[in-house]
Amino acid sequence: MPGTCVVGLQWGDEAKGKIVDLLGDGFDYVVRYNGGANAGHTVVVHGKTFKLSLLPTGVIRPNVKSVIGNGVVVYPPKFIEEVAGLKAAGIDLSESLKISDHAHVIFPYHMEEERLAESGAEGKIGTTGRGIGPCYQDKVGRRFGIRVGELLRPDHLRERLRFVVPFKNRLMKAFANGHADQLVPMEPDAITDQYLGYADALRPHVADTSRLLHEALAAGKRVLFEAAQGSLLDVDHGTYPYVTSSSSLPSGIWGGSGVPAKNVQRIIGVVKAYTTRVGKGPFPTELDDGPTGTGERIRKVGREYGTVTGRPRRVGWFDSVAVRYTAALAGADEITVMLLDVLSGLPELKLCTAYEVDGERVTHFPSDSYQLDRCRPVYETIQGWTEDLTAVRKLTDLPAAARRYIDRVGELVGLPVSVVSVGPDRAQTILVK
Ligand code: GDP
Ligand code: IMO
Ligand code: MG
C-alpha cells in the first residue's frame, strides 16, 4: 500500500501513536498533516517510553523518514526540544526529518491570546493552551500569518513582526478586559531575535515537503499519514465549537501535505475499547459516577490523564453511534481496538448502540453539539471478564467474554477489527489479520 492513514475515530488519545509505531517499519515515510504540539502520542518499545507531541511518531523507527507537513502549526522551541531529546536517546534526525516551509509558526502572542481568551468567563473551549487556534486563525486570515520559510529571511521576518506584534498587543489588551494594565506589551525585535535563533536550528530540516512526497510516491515509496487529534475534534465534522482548529480526518491529508487523496488506499481507524475526551463539549456516554464509580476506575487503570496538559480525561463507555459516524467520514477500512486490558475486572460492560432524544430513538450522530448534548445513550450490556489480558498475544487466547466484546464492537461499527491492543508496549498487541 503506497499510502495509508492512521486516524483516531473518537475525541483523540485513541493510541494512534502505538499503531503508527507498530506499522512504521513497513513504511519509508511517516507524515503529520494537521495540528501541532496539542497532540501527545506515547509509544512504549521494549519498556522504553517515547512521548511525541509535534514530531511524527515514525521518528523512532531508524529507517523511516519523517515529514511535518504544511498543515501543521509549529512551535519552534518544541521542535528543537523534541529533536534534542531524541538525539540524547540515540536517535539522530538531522537527515531524516523534514519540515514544510509552508507550515505556519506559533509565536508567543498566539499562546497569550489563547490564555486570555480561555481565562474569560465565557466562550471557553478547554484547549491545550498551545496557541493552536490563534495560529490557524492567522493562517486563514492571511494578514498576520508567518510561515516556517519566512523564518529563514531575517530582514523580512523583522519587518513582518514589526507589523504584526503592535496589532497583537492591542488585541491582547482587548482580551484582557479589566486587567489590561497588567499586560506587558511584547517587543517585535526581541521576538525576531529569539526566532532567528530557532531558525538556525530549523534550517537543515526545512524543505518543500509536498514535492518531496510527490517524488517519493512516484518512486514507489510507502507513506504513512499520522493524524493528530480525533475525528470528533475535526473542525468541520466534529462537535463544533468544542473541536480543534484543523482537519484531523483523512480529508486533511490533501490540504495538509499536498498529497492527493487518490494516493491513500488504506485508512485505519483507531478506537479505544471505551471513550475518553479532554476539554469541554458534549459526551453522551460519559461516566460521571463519582470517585468510587466505574469512570474513575477506568481513568486510574487506563492512566487517563492528558499527555500534554496532565488534565484528567473524561471517561465513558464505547459509543458505536459516534464511531459509525466518524468511520464513514474517514472512509475507514478497518478498526484497531486499543486498551482492552483496561476493562478487565468490570462485572459488566456497556456499548452504546443508539441515542434517545425527545423520546425518540436515533442511530445517527448529530454533529451539532446542541443536539448531541440532548442525546441520552441507549446501551446494550455485555458480560465482563476477570482475567488480566496484558500477556495475551493471540485472539484465540482471549477470554470468551473479551472476544465477544471485540466481535460486538466490530459488528456495531460495521468494520473488521484488525488489531487488538492489550497494553502500551509495542509487544502487547494481537494482530487479527
Ligand atoms: P494518541 O494521542 O492517540 O497517540 O494516544 P495517547 O498516546 O495520547 O494515549 C494513549 C495512551 O495509552 C498512551 O499512554 C499509551 O502508552 C497507552 N496505551 C496504548 N495502547 C494501550 C493498551 O492497549 N493498553 C493500555 N493499558 N495502554 C495503552
Ligand atoms: P492527540 O493527537 C485529545 C482537544 C483539547 C480541546 C480541543 C481544542 O493526542 O489525540 P486545541 O488546543 O487543539 O485548540 O484544543 O481539542 N485536543 C485533544 N484531545 N487528544 C489530542 O491530541 C488533542 N488535541 C486537542 O483538549 O478540547
Ligand atoms: Mg494523545
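If the condition is being open to solvent by 40 Å² or more (accessible area, probe 1.4 Å) and of a type in the set (V, I, T), then the stretch 121-172 contributes I125, T127, V140. State whether the residues of the stretch 98-112 include one that is touching a helix residue (DSSP H, G or I) at 6+ places or on another chain (Cβ under 6 Å), aromatic (F, W, Y) and over 26 Å from Y195 (Cβ atoms). The answer is no; no qualifying residue exists. Of everything listed in (1) touching a residue at least 12 places away in the same chain (Cβ under 8 Å); (2) out of contact with any Lys or Arg (no Cβ under 8 Å at 6 or more places or on another chain), the single unmet condition for T381 is (2). Which count do you get for residues in the stretch 1-31 that are within 13 Å of ligand 1 (Cβ to nearest atom), farther than 17 Å from V278 by Cα and assigned to a loop (DSSP other than H, G, I, E, B)? Counting residues in the stretch 1-31 that are within 13 Å of ligand 1 (Cβ to nearest atom), farther than 17 Å from V278 by Cα and assigned to a loop (DSSP other than H, G, I, E, B) gives 0.
Scanning the stretch 278-304 for residues that are farther than 24 Å from T42 by Cα and either within 11 Å of ligand 1 (Cβ to nearest atom) or surrounded by fewer than 20 Cβ atoms within 10 Å (Cβ to Cβ) (or both) yields P282, D288, D289, G290, P291, T292, G293. When S94, S66 are checked against the criterion of being of a type in the set (S, T, Y), within 27 Å of S245 (Cα to Cα) and more than 16 Å from ligand 3 (Cβ to nearest atom), a single residue qualifies: S66.
Residues of the stretch 71-120 that are of a type in the set (S, T, N, Q) and open to solvent by 40 Å² or more (accessible area, probe 1.4 Å): S94, S119.
Under the condition of being within 14 Å of ligand 3 (Cβ to nearest atom) and surrounded by fewer than 15 Cβ atoms within 10 Å (Cβ to Cβ), the residues counted in the stretch 35-49 number 1.
Counting only strands (runs of 3 or more DSSP E) wholly contained in the stretch 175-279, the ones carrying 1 or more residues that are touching a Leu at 6+ places or on another chain (Cβ under 6 Å), closer than 30 Å to E296 by Cβ and within 16 Å of ligand 2 (Cβ to nearest atom) occupy 266-272. For the stretch 50-70, taking the residues that are under 17 Å from the mean Cα position of the chain (by Cα) and open to solvent by 20 Å² or more (accessible area, probe 1.4 Å), the one that is farthest from ligand 2 (Cβ to nearest atom) is identified as N70.
Counting only residues that are out of contact with any Asp or Glu (no Cβ under 9 Å at 6 or more places or on another chain), at pLDDT below 95 and within 16 Å of ligand 2 (Cβ to nearest atom), the stretch 284-341 holds 5 of them.
Looking across T307, T326, one residue alone is of a type in the set (V, I, T), open to solvent by less than 10 Å² (accessible area, probe 1.4 Å) and not assigned by TED's automatic domain parsing to the domain that holds G12. It is T326. Scanning the stretch 61-78 for residues that are modelled with pLDDT of 95 or more and under 23 Å from V259 (Cα atoms) yields V64, K65, S66, V67, I68, G69, N70, G71, V72, V73, V74. Does K18 meet the test of being more than 9 Å from ligand 2 (Cβ to nearest atom), buried (at least 24 other Cβ atoms within 10 Å of the Cβ) and charged (D, E, K, R)? Yes, satisfied. Taking every residue in the stretch 25-43 that is within 16 Å of V83 (Cα to Cα) and free of Cβ contacts under 8 Å to residues at least 40 places away in the same chain and pairing it with any residue that is of a type in the set (K, R) and open to solvent by less than 10 Å² (accessible area, probe 1.4 Å), at least 6 positions away or on another chain, yields no pair with a Cβ-Cβ distance below 9 Å.
The values are calculated or read from the model by the stated rules, or taken from the named source; none is laboratory data. Predicted model, so just to flag it, every value in this text is computed and none were measured. Every residue, glycine among them, receives a Cβ derived from its backbone with ideal geometry; neighbour counts consider all protein chains shown. Please note that ligands, DNA and RNA were not included when accessible areas were found on the heavy atoms of the full protein model with its side chains. Shrake-Rupley method; radii C 1.70, N 1.55, O 1.52, S 1.80 Å.
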